[in-house]
Amino acid sequence: MLSLPPAMQAALDSGVTTLAWCWLITRADGERLGFTDHDGALLLEGVSCEPASGLAPAPIRSETGSPARGAAFGIVSSQRVSAADIANGLYDAARVEVWRTDWSDPDTRVRVFTGEIGEIRRAGAAFEVELAGLSARLNRRIGRVFAKTCDAELGDARCGVDTTLPAFSAQGVVAGVISASGFAATGLDGFAPGWFTHGRLVWLTGGNAGGVARVQTHGLVDDGTRISLAWPPAHAVLAGDSFEIVAGCDGRAETCREKFANFARFRGCPHIPGNDVLIRHAGSEAVRDGGRR
């Protein structure tokens, strides 16, 4: 049961209210956005909640034993919620707080929901955002998977590789566009073909500045370097766009040892038996008497 501030409770008891919905979003990059269904901007926790500016909530449902869920609907706006920011993952798992606020005194408020953004579905300029309560995290798989390949992300704390070293990162410039997700690049001539395959690319300039993409292939042809991304970026890539690219890792023990000299921190199980062990006979010798292999 919610505990209401005395001033809000008194207003509700009077039968005449000045209430509005406000919700705050904290994105993956730390930026905070505020929205409200009031007809004027409201200041909430130092964030200006803009009226009718790209987002409107649907009812949030809560059932016993299930996490609270809801949805928010809106129109992509270059000022508040841009298509590029959505495509670049800045709203993935963003924290959401929903407040019931007295618009005549925004300090009189009560928080009715705290959760995060789940799936985002787009249709043209419109989008629908799934809101999930914090208890939804309990439904996620937590822990490690035992496999031959490494389950760490290159450069993270468990991996330990310094991806800022010149051997593992470089800056390049788009020399020409080949397709929506492929382009020719300069600045990468000193690296062997495939060095950046499975790597990470961060756009520094252009329409996709700040966006992150996964490198699908890195190759060399007669007239230079070719980069193919796993998916097309939010905006068209143009000649002259600059980027930073980080070497790729396919998670194999051989790659960890030979490419990164980091086998001591390899986070896989390279000697774990494969599925063939489960289906083969008890022994490979001609005599199978039930003894140990």
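Every number here is computed from the coordinates shown, using simple stated rules; none is lab data. Remember, it's a predicted structure, so these values are computed and weren't measured experimentally. Neighbour counts are summed over all protein chains in view; Cβ atoms, including those assigned to glycine, are modelled from backbone coordinates with ideal geometry.
Results, tabulated for the structure shown:
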item: Region 85-182: chymotrypsin sites (Phe, Trp or Tyr not before Pro) in DSSP coil with no more than 11 other Cβ atoms inside 10 Å; result: PHE146
item: Sites GLN216 and ARG265, calculated FRET efficiency, Cβ-Cβ separation with R0 35 Å, nearest 0.05; result: 0.85
item: Whole-number percent relative contact order across region 186-259, with pairs defined as alpha carbons under 8 Å at least 6 apart; result: 36 percent
item: Estimated FRET transfer efficiency when R0 is 25 angstrom, pair SER179-SER82 (beta carbons, to 0.05); result: 0.60
item: Region 169-246 - Debye-derived log10 I(q)/I(0), Cα point model, q = 0.15, 0.19, 0.25 Å⁻¹; result: -0.40, -0.66, -1.26
item: Whole-Å distance, taken between Cα centres, linking region 146-192 and region 1-38; result: 45 Å
